[in-house]
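**Q** Dumping the structure here so I can ask a few things about it.
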Amino acid sequence: TLKVQRPPSLNSTNIVSSLETLSLDGYFSFENNHHAAKDFGNMYHFLPSAVLHPKSVQDISNTIRHIYEMGSASELTVAARGHGHSTQGQAQAHQGVVINMESLQKLEMQVHTGKTPYVDVSGGELWINILHETLKHGLAPKSWTDYLHLTVGGTLSNAGISGQAFQHGPQISNVYQLEVVTGKGEVVTCSEKKNTDLFYGVLGGLGQFGIITRARISLGPAPKMVKWIRVLYSDFSIFTKDQEQLISSENSFDYIEGFIIINRTGLLNNWRSSFRPKDPVQANQFSSDGRTLYCLEVVKHFNPDDTKTVNQSMENLLSKLSYIPSTLFLSEVPYVEFLDRVHVSEKKLQAKGLYEIPHPWLNFFVPKSRISDFAEEIFGNILTDTSNGPILIYPVNQSKWNNKTSLVTPDEDVFYLVAFLTSAMPSSTGTDGLAHILTQNKRILDFCATAELGIKQYLPHYNTQEEWQAHFGPRWKVFAQRKLAYDPLAILAPGQRIFRKATRTS
Ligand SMILES: Cc1cc2nc3c(=O)[nH]c(=O)nc-3n(C[C@H](O)[C@H](O)[C@H](O)COP(=O)(O)OP(=O)(O)OC[C@H]3O[C@@H](n4cnc5c(N)ncnc54)[C@H](O)[C@@H]3O)c2cc1C
Ligand SMILES: Cc1ccn(-c2ncnc3[nH]cnc23)c1
C-alpha cells in the first residue's frame with residue numbers, strides 16, 4: 001500500500017526538537033536517558049527520544065497538548081514513569097517522551113486530620129514518604145503494597161494490593177480525588193462525584209487515560225507496633241480454609257497474606273529470618289521432609305498500653321486455626337519496620353549484586369472456586385523443585401473492590417492473589433536461568449488459558465490487542481470508549497502495548 005509521506009516540515013527529528021520551543025518550569029533531557037529505558041524487570045529496554053523533568057503540572061499539560069496538537073503527523077508517545085518498578089517495559093516509551101514523575105515539584109504533602117482524615121500528595125510521591133509524613137499525625141494510609149518504594153501514580157494505575165486488602169480493599173478503593181492530565185493535555189480534577197468516568201477510568205487504568213499529578217488518599221489511625229506471626233501447613237485445603245475463615249470474620253487480624261515454600265532440602269531456617277519460634281525445641285525438630293509447605297502470615301496492630309488485650313485477641317484468633325503446632329513463629333516490631341519489610345530484603349539483595357537482574361514476575365487473580373485446581377497443577381506438576389523467589393498466595397473479598405474502576409478481577413465473591421516473584425540468575429542456563437523461568441511461566445499461562453479457570457492477570461502484560469480484549473472481556477467496550485474520550489491519539493503509556501498511536505505514516 002502507498003505509504004502517505006509526512007510533510008517535509010514535520011519529520012521525527014524536528015518533532016522532537018520542537019519540544020525545545022516549549023517554555024517550561026522544568027526541562028527536557030535529550031541524551032543520557034538510559035535510566036528511563038530500564039525497569040525492575042530488566043528485560044525490556046526502550047530508549048526514549050527525550051525525558052521531561054517537570055517542575056509543575058503545567059509542564060506536563062503543555063508538553064502533552066503540544067504533541068496532541070501535532071495530531072497524527074507526530075509519532076511521539078508519552079509515558080509517565082513513577083519509580084520504574086514495572087517488569088515488562090510498561091513505563092517506557094520507545095523513541096517517545098518519558099516523564100520523570102518523581103521530579104514533579106514535590107507538592108507539600110498536606111495531611112488533613114479530623115473525622116475523615118486524608119493526605120494530598122503528588123502523583124510522583126513514594127508511599128514510604130507518605131507513611132513517614134502521616135505518622136507525624138498518628139495517621140497512615142489503610143491499604144498498602146508489600147513494598148513502599150513505589151509511586152502513588154504507579155500503584156493507582158494498577159491497584160495496590162497487600163495483606164490489608166481483605167478489609168480495606170486495594171489502594172484504588174482508598175482514593176477520594178485525583179488531578180489528572182489527559183491525553184489532550186487538559187488538567188482535570190476528578191472524584192466519585194466530579195468527572196466520575198475519568199476518575200474510575202484512571203484507577204487501575206494502566207496509565208491509558210491520563211497522568212495522575214495529585215491524589216487525595218484516605219487515612220486511618222496508625223498503630224505503633226505489630227505482632228507479626230507465621231504458621232505452617234502441609235495441607236493446602238486446610239491452609240486455604242483457615243485463610244478464608246480469617247478474611248470473613250469480624251475483629252480478625254489487620255493483615256493476612258501467605259506464601260508457598262517449595263524446598264526439597266527440608267530446611268526451614270532460610271525463611272525464618274527475624275522470627276523466633278514460640279516453641280524452639282519442637283521448631284528445630286520440625287522438618288518439611290521435602291514437602292511443599294504453606295505459610296500463613298498474619299499481623300495484629302497494637303499500642304504498648306494495650307498488650308494484654310492484643311494477646312487475648314491473638315490467642316483467640318490462633319486457637320481457631322489448624323496449623324502445624326510446632327511451627328508458630330512470632331515477632332514483635334514497630335509498624336513502620338513491618339510495612340517497610342521488603343525494602344530490607346531489597347537492600348540485602350543489592351548488597352549481593354542480586355537486585356539488578358531479570359525479574360520475570362507473574363501475578364494472577366484466581367477465583368476461590370478454582371484455587372485448588374490451580375494449586376494442584378502448578379505446585380503438583382509445574383513448580384516441583386524450586387521457585388526462584390517468593391510465591392505469595394492469599395484471598396481477598398470482592399465486596400471491598402469497586403467494579404467501576406478499570407481493574408479486571410474474577411467475578412467471584414472471594415478471589416486469591418497469586419504472585420510468582422521470580423529472579424533469574426544472569427547467564428545461567430540452569431533451572432534458575434531466565435530461559436527456564438520464561439518456559440515455566442509459559443506453561444503456567446498455557447495451563448490457565450486451557451483450563452478455563454476464570455483467572456485474570458494482575459499487573460497484566462500482553463503483546464497483542466486481541467489478548468488485551470480477552471483480558472478485559474465485556475469491559476473492553478468501556479475501556480476503549482474511555483481511551484477515545486481521554487487519549488484519542490493514543491499518546492499515553494505505550495509501554496502497556498494496549499493501543500498503537502495512529503499516525504499518518506502508519
Ligand atoms: C519489589 C516490588 C514489590 C511489589 N509489591 C507489590 C505489592 O505488594 N502489591 C502490588 O499491588 N504491587 C506490587 N508491586 C508492583 C507495583 O505496584 C507496580 O509495578 C507499580 O506500577 C510500580 O510503581 P512505579 O511507581 O514503579 O510505576 P512505574 O513502573 O514507573 O509505572 C507503572 C505504570 O503506570 C504508569 N504510571 C506511572 N506513574 C503514573 C502516573 N503518575 N499517572 C499515570 N500513570 C502512571 C506508567 O506509565 C506505567 O504504565 C511491586 C513491585 C516491585 C518491584
Ligand atoms: C525483590 C523482592 C525481594 C523480596 N520481595 C518480596 N518479598 C515478599 N513479598 C513481596 N511482595 C512483593 N515483593 C515481595 C521482592
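The values are calculated or read from the model by the stated rules, or taken from the named source; none is laboratory data. Please read all numbers here as calculations on a predicted model, not as lab measurements. We place every Cβ from the backbone using ideal geometry, glycine too, and count neighbours over all the protein chains shown.
**Q** When you go through G114, G138 one by one, which is the residue that is on the phi > 0 side of the Ramachandran plot, surrounded by fewer than 20 Cβ atoms within 10 Å (Cβ to Cβ) and touching a strand residue (DSSP E or B) at 6+ places or on another chain (Cβ under 7 Å)?
**A** From the options G114, G138, the qualifying one is G138.
**Q** Further, regarding this structure: Looking at (1) surrounded by fewer than 24 Cβ atoms within 10 Å (Cβ to Cβ); (2) over 25 Å from I498 (Cα atoms); (3) over 16 Å from the mean Cα position of the chain (by Cα); (4) not β-branched (V, I, T), which is the one condition that is false for D197?
**A** So D197 meets the others, but not (2).
**Q** (1) touching a Phe, Trp or Tyr at 6+ places or on another chain (Cβ under 8 Å); (2) within 25 Å of F302 (Cβ to Cβ); (3) part of a strand (DSSP E or B); (4) more than 16 Å from ligand 2 (Cβ to nearest atom): which one isn't true of G220, the others all being true?
**A** Single failed check for G220: (1).
**Q** Still on this structure, I have one more. Whether any residue in the stretch 493-502 is among the basic types (K, R), at pLDDT below 95 and either at positive phi or surrounded by fewer than 19 Cβ atoms within 10 Å (Cβ to Cβ) (or both) is what I want to check.
**A** Yes: one or more hits.
**Q** Search the stretch 27-43 for residues that are over 18 Å from T151 (Cα atoms) and away from ligand 2 (no atom under 16 Å from the Cβ) and pair each with any residue that is among the small types (G, A, S) and in a strand (DSSP E or B) when their beta-carbon atoms are under 6 Å apart and the residues are at least 6 apart or on different chains.
**A** F28/A50; F30/A50
**Q** Would you confirm whether any residue within the stretch 95-112 is among the basic types (K, R) and at pLDDT 95 or above?
**A** Taking every residue of the stretch 95-112 in turn, none turns out to be among the basic types (K, R) and at pLDDT 95 or above.
**Q** Follow-up. Out of all the residues in the stretch 144-159, which are within 16 Å of ligand 2 (Cβ to nearest atom) and touching a strand residue (DSSP E or B) at 6+ places or on another chain (Cβ under 9 Å)?
**A** Answer for the stretch 144-159, where residues must be within 16 Å of ligand 2 (Cβ to nearest atom) and touching a strand residue (DSSP E or B) at 6+ places or on another chain (Cβ under 9 Å): W144, D146, L148, H149, L150, T151, G154, N158, A159.
**Q** Okay, moving on. For a quick check of your reading of the model, give me the residue pairs whose first member lies in the stretch 495-506 and is within 19 Å of F46 (Cα to Cα) and assigned to a loop (DSSP other than H, G, I, E, B), whose second is among the acidic types (D, E) and at pLDDT 70 or above, with beta-carbon atoms closer than 9 Å and at least 6 apart or on different chains.
**A** Sorted first by the residue in the stretch 495-506, then by its partner, the pairs are F499/D487; K501/E75.
**Q** Scan (1) closer than 24 Å to N363 by Cβ; (2) surrounded by fewer than 20 Cβ atoms within 10 Å (Cβ to Cβ) for the single condition G124 breaks and write down its number.
**A** Condition not satisfied by G124: (2).
For every residue, the table says whether it meets (1) surrounded by fewer than 17 Cβ atoms within 10 Å (Cβ to Cβ); (2) at pLDDT 65 or above; (3) of a type in the set (F, W, Y); (4) touching a Leu at 6+ places or on another chain (Cβ under 6 Å).
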| residue | (1), (2), (3), (4) |
| --- | --- |
| D254 | no, yes, no, no |
| P277 | no, yes, no, no |
| N284 | yes, no, no, no |
| C295 | no, yes, no, yes |
| V298 | no, yes, no, no |
| K308 | yes, yes, no, no |
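**Q** Another question, then. Hey, does the stretch 359-370 have a residue that's over 17 Å from I391 (Cα atoms), among the β-branched types (V, I, T) and touching a residue at least 60 places away in the same chain (Cβ under 8 Å)?
**A** no
**Q** Now a separate question. For the condition more than 16 Å from ligand 2 (Cβ to nearest atom) and either of a type outside the set (G, A, S) or in a loop (DSSP other than H, G, I, E, B) (or both), what is the one hit in E356, E376?
**A** E376
**Q** Only one residue in G433, G389 is within 16 Å of ligand 2 (Cβ to nearest atom), surrounded by 13 or more Cβ atoms within 10 Å (Cβ to Cβ) and free of Cβ contacts under 8 Å to residues at least 40 places away in the same chain, so which one is that?
**A** One residue alone meets the criteria, G389.
**Q** Regarding R475, is this residue out of contact with any Cys (no Cβ under 8 Å at 6 or more places or on another chain) and within 15 Å of ligand 1 (Cβ to nearest atom)?
**A** No, not satisfied.
**Q** Of the residues in the stretch 362-379, how many are among the β-branched types (V, I, T) and within 18 Å of H471 (Cβ to Cβ)?
**A** Result for the stretch 362-379: 1.
**Q** Sort out which residues of the stretch 448-492 are of a type in the set (S, T, Y) and either assigned to a strand (DSSP E or B) or surrounded by 19 or more Cβ atoms within 10 Å (Cβ to Cβ) (or both), and write them in order of number.
**A** Result: Y458, Y486.
**Q** Grab the helices (runs of 4 or more DSSP H) fully contained in the stretch 121-210, keeping just those with 3 or more residues being within 10 Å of ligand 1 (Cβ to nearest atom) and in contact (Cβ under 8 Å) with a residue 40 or more places away in the chain.
**A** Where helices (runs of 4 or more DSSP H) fall fully within the stretch 121-210 and carry at least 3 residues being within 10 Å of ligand 1 (Cβ to nearest atom) and in contact (Cβ under 8 Å) with a residue 40 or more places away in the chain, they are 152-156.
**Q** What are the pairs with Cβ atoms under 9 angstrom where one residue, in the stretch 308-321, is of a type in the set (K, R) and the other, located anywhere, is buried (at least 17 other Cβ atoms within 10 Å of the Cβ)? Sequence gap at least six, or different chains.
**A** K320/D242; K320/L246
**Q** So is N363 within 16 Å of ligand 1 (Cβ to nearest atom), within 15 Å of the chain's Cα centre (by Cα) and of a type outside the set (A, V, I, L, M, F, W, C) or not?
**A** yes
**Q** Of everything in the stretch 303-345, what is of a type in the set (S, T, N, Q), assigned to a loop (DSSP other than H, G, I, E, B) and either within 16 Å of ligand 2 (Cβ to nearest atom) or within 29 Å of T292 (Cβ to Cβ) (or both)? Give them in sequence order.
**A** Within the stretch 303-345, just S322 meets the criteria.
**Q** Kindly indicate whether T196 is closer than 29 Å to F415 by Cα, among the polar types (S, T, N, Q) and within 16 Å of ligand 2 (Cβ to nearest atom).
**A** The answer is no for T196.
**Q** Another question, then. Pull up the stretch 223-241, narrow it to residues that are in a helix (DSSP H, G or I) and buried (at least 22 other Cβ atoms within 10 Å of the Cβ), then point me to the one that is nearest to the chain's Cα centre (by Cα).
**A** Taking the candidates together, the pick is T240.
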